[in-house]
């Protein structure tokens, strides 16, 4: 279902409407490294916004689970709640994503390709995490 929705979300997303620094740039067929870097950065901004929107939904779902679990006899343990666990995992995931993608960029460390590699990596991992968060919010 994401494959049907994703193009629509991207087309409607404010970051996709940003004018590139050069009016001749085309993210459908970028030609220069600067153009590719800008397009990859824009793609990451779109993915990051989608992640944050899904985060809000999943966060609310986990907070509601915490509230409904209070009266559960199995809730009498000392482990963190649903939301606290989610928050810990998200913070760890963000650190992982950023460090991992920085390392991916080091393949071209200091070169003009480095920003493209980092942005592309971050976009891919962010899209996967968005789906993971969506799945968590759909868990019965």
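If residue 51 meets every condition in (1) closer than 26 Å to residue 37 by Cα; (2) touching a helix residue (DSSP H, G or I) at 6+ places or on another chain (Cβ under 6 Å); (3) surrounded by fewer than 18 Cβ atoms within 10 Å (Cβ to Cβ) apart from one, which number is that one?
All conditions are met except number (3).
Do we have any residue at all in region 81-91 that's surrounded by 16 or more Cβ atoms within 10 Å (Cβ to Cβ) and either closer than 30 Å to residue 39 by Cβ or within 14 Å of the chain's Cα centre (by Cα) (or both)? Quick ask: steps written out before the conclusion?
Looking only at region 81-91, we keep the residues that are surrounded by 16 or more Cβ atoms within 10 Å (Cβ to Cβ), and these are 81-83, 86, 90.
Among the residues that remain, those that are also either closer than 30 Å to residue 39 by Cβ or within 14 Å of the chain's Cα centre (by Cα) (or both) are: 90.
Checking region 81-91: at least one residue is surrounded by 16 or more Cβ atoms within 10 Å (Cβ to Cβ) and either closer than 30 Å to residue 39 by Cβ or within 14 Å of the chain's Cα centre (by Cα) (or both).
Considering only residues that are within 20 Å of residue 130 (Cβ to Cβ) and out of contact with any helix residue (DSSP H, G or I) (no Cβ under 6 Å at 6 or more places or on another chain), which ones fall in region 18-41?
Result: 39, single match.
Tell me, yes or no, whether region 118-131 has at least one residue that is surrounded by 17 or more Cβ atoms within 10 Å (Cβ to Cβ), free of Cβ contacts under 8 Å to residues at least 24 places away in the same chain and either more than 26 Å from residue 59 (Cα to Cα) or touching a strand residue (DSSP E or B) at 6+ places or on another chain (Cβ under 9 Å) (or both).
Within region 118-131, one or more residues are surrounded by 17 or more Cβ atoms within 10 Å (Cβ to Cβ), free of Cβ contacts under 8 Å to residues at least 24 places away in the same chain and either more than 26 Å from residue 59 (Cα to Cα) or touching a strand residue (DSSP E or B) at 6+ places or on another chain (Cβ under 9 Å) (or both).
So if I check each of 36, 62, which one is over 25 Å from residue 139 (Cα atoms) and either part of a helix (DSSP H, G or I) or at pLDDT 95 or above (or both)? So that I can check it myself, show each step before the final result.
Numbers: 62 fails: over 25 Å from residue 139 (Cα atoms).
One residue alone meets the criteria, 36.
I'd like to check something: does region 64-76 contain any residue that is surrounded by 13 or more Cβ atoms within 10 Å (Cβ to Cβ) and within 21 Å of residue 18 (Cβ to Cβ)?
no
Kindly indicate which of 108, 99 is over 24 Å from residue 131 (Cα atoms) and free of Cβ contacts under 8 Å to residues at least 24 places away in the same chain. Show your work before the answer.
Values: 99 fails: over 24 Å from residue 131 (Cα atoms).
Criteria check complete, one pass: 108.
For region 101-130, give me the residue count where each residue is assigned to a helix (DSSP H, G or I) and out of contact with any helix residue (DSSP H, G or I) (no Cβ under 7 Å at 6 or more places or on another chain).
The first filter runs over region 101-130 and keeps only residues assigned to a helix (DSSP H, G or I), leaving 101-108, 114-130.
Add one more test, that the residue is out of contact with any helix residue (DSSP H, G or I) (no Cβ under 7 Å at 6 or more places or on another chain), and what stays is 103, 106, 124, 128.
Qualifying residue count, region 101-130: 4.
The values are calculated or read from the model by the stated rules, or taken from the named source; none is laboratory data. Model, not experiment: these values are computed from the prediction. Cβ sites come from the backbone with ideal geometry, for glycine too, and all protein chains shown count toward neighbours.
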